[in-house]
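The values are calculated or read from the model by the stated rules, or taken from the named source; none is laboratory data. Because the structure is predicted, anything quoted here is derived from the model rather than measured. Note that each Cβ is placed from the backbone with ideal geometry, even for glycine, and that neighbours are counted across all protein chains shown. In case anyone asks, the SASA skips ligands and DNA or RNA and just uses the protein heavy atoms, side chains included. Shrake-Rupley method; radii C 1.70, N 1.55, O 1.52, S 1.80 Å.
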Amino acid sequence: SREYPQVPQVACFDTAFHRDLPRVAKLLPIPRRYDAEGIQRYGFHGLSYEYIASVLPKVAPGIAGGRVIVAHLGSGASLCALRSGKSIDSTFGFTALDGLCMGTRPGALDPGVILYLLQTLRLSASDVETMLYKQSGLLGISGLSNDMRDLLKSSEPPAQLAVDYFVYRAAREIGALAAVLGGIDALVFTAGIGENSAEIRARISTASAWLGIDLDPEANLSGGPRISRQDSRVSAWVIPTNEELMIARHLSLLLGLG
């Protein structure tokens, strides 16, 4: 900005898509005085979810106006509950540490664990921060890698356990968001793991079969876009995300170019 002071700087917040979450979905059950300090659930991956919502009418018009859970599964991972293309809830909260197990982040964690690390094991706040952001999740469980591709190739029990946990958490939170929506019409996979790992899609879909998902194994292996059988009560899809394009669209509107 010092080199090019005349060039406008634009911030495109990854939380903006979730700004109209219901009050109870934003709320954190701590003393209300902290709410005034902005401590609430914000949700992230908003640009990805906004993009998926924007292309659903073309890719899958039958579900675009319904109840959809989008699974953004990558090194960072989260779920979002959409109703008529609007965010109703997500698994991320105040920070991008909440919710699903990720490459190096733990996802939802009992706050008492943090207190124990600080007070009993005498870790510093900096050490705990490093652990939470860089040493946990798939890497922490497996002791091998934060990359799902490495873990799926490995025969080591800790690697297999990491994959099992990733699938378990995703299936558990899909169930929770289905409850928020009062049932679902479709499940959409996106991002690095969601778009490229037929095995993870199959395992999560199988664990979520009770919702009415009947996976089509051949369609899943070929990458979709629809990966459920035609008579499946709840459909399943693979739709590539494009956060960069979403940023470009916002910028174009802001500058009056489109």
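A few comments on the model shown:
- Residues whose amide H lies under 5 Å from that of Asp89, counting only those 5 or more places away or on a different chain, are Ala81; hydrogens are built 1.01 Å from N in the peptide plane.
- Most fluctuating residue given options Pro31, Pro158, Pro225, as computed from a GNM of the chain linking Cα atoms under 10 Å: Pro31
- Here the label points at Ala36 and Leu254, each 7 Å from Cα along the C-beta direction, are separated by 3.1 nm in the simple model.
- Over segment 99-208, all Cα pairs binned in 10 Å intervals from 0 give whole-percent P(r) values of 14, 39, 31, 15, 2, listed from short to long.
- Across segment 1-152, the mean sequence separation of Cα contacts (distance under 8 Å, 6 or more residues apart), normalised by length, yields a relative contact order of 17 percent.
- Taking segment 108-235 and dividing mean pair separation by its residue count, relative contact order in percent (alpha carbons under 8 Å, at least six apart): 14 percent
- Arg233 long-range amide H proximity, modeled H, under 5 Å: Asp214
- Share of alpha-carbon pairs per 5 Å distance bin for segment 51-92, given as whole %: 6, 25, 31, 22, 12, 4, 0
- Of the complete DSSP H runs in the chain, those spanning 18 angstrom or more by Cα along the long axis with a mean Kyte-Doolittle score not below 0.0 are 46-59, 157-181.
- A Gaussian network model of the chain, with springs between Cα atoms under 10 Å, assigns the largest mean-square fluctuation among Cys80, Cys12, Cys101 to Cys12.
- For segment 149-223, the alpha carbon convex hull comes to 92 Å³ per residue, rounded to a whole number.
- At 1.567 mPa s and 4 °C, Stokes diffusion of the chain via Kirkwood alpha-carbon radius, µm² per second: 67 µm²/s
- Within straight-line reach of Lys26, meaning a Cα separation under 25 Å, sit the following lysines at least 8 residues removed in sequence or on another chain: Lys86.
- A helix-only calculation puts the chain at -11500 deg cm²/dmol for mean residue ellipticity at 222 nm, using -39500 (n - 2.57) for each DSSP H run of at least four residues, averaged over all residues.
- Protein accessible area in segment 106-161, 1.4 Å probe - carbon and sulfur %: 55 percent
- Spacing of the modelled spin labels on Phe13 and Lys58, each 7 Å from Cα toward Cβ, amounts to 2.8 nm.
- Sites matching GluC sites (Glu not before Pro) across segment 1-109 that sit in DSSP coil, with at most 15 neighbouring C-beta atoms within 10 Å: Glu3
- With semi-axes defined as the square roots of five times the eigenvalues of the C-alpha gyration tensor, the equivalent ellipsoid of segment 1-129 measures 30, 22, 16 Å, largest first.
- Residue among Ala53, His18, Ser84 farthest towards the positive dipole end of segment 1-109, charges placed on Cβ: Ser84
- Counting only DSSP beta bridges with both residues in the chain, the antiparallel share comes to about 55 percent.
- Net length gained if the chain between Asp214 and Arg229 were fully extended (0.36 nm per residue, minus Cα distance): 4.8 nm
- Of all accessible heavy-atom area on segment 207-258, the percent that carbon and sulfur account for (1.4 Å): 58 percent
- In percent, rounded to a whole number, the relative contact order of the chain is 17, using alpha-carbon pairs under 8 Å and six or more apart.
- Taking 0.36 nm per residue of separation and subtracting the current Cα-Cα distance, fully stretching the chain between Asp127 and Phe94 would add 9.9 nm.
- Over 21 Å [Cα-Cα, segment 182-244], rounded percent: 15 percent
- Segment 1-154 - accessible surface per residue (Å², probe 1.4 Å): 54 Å²
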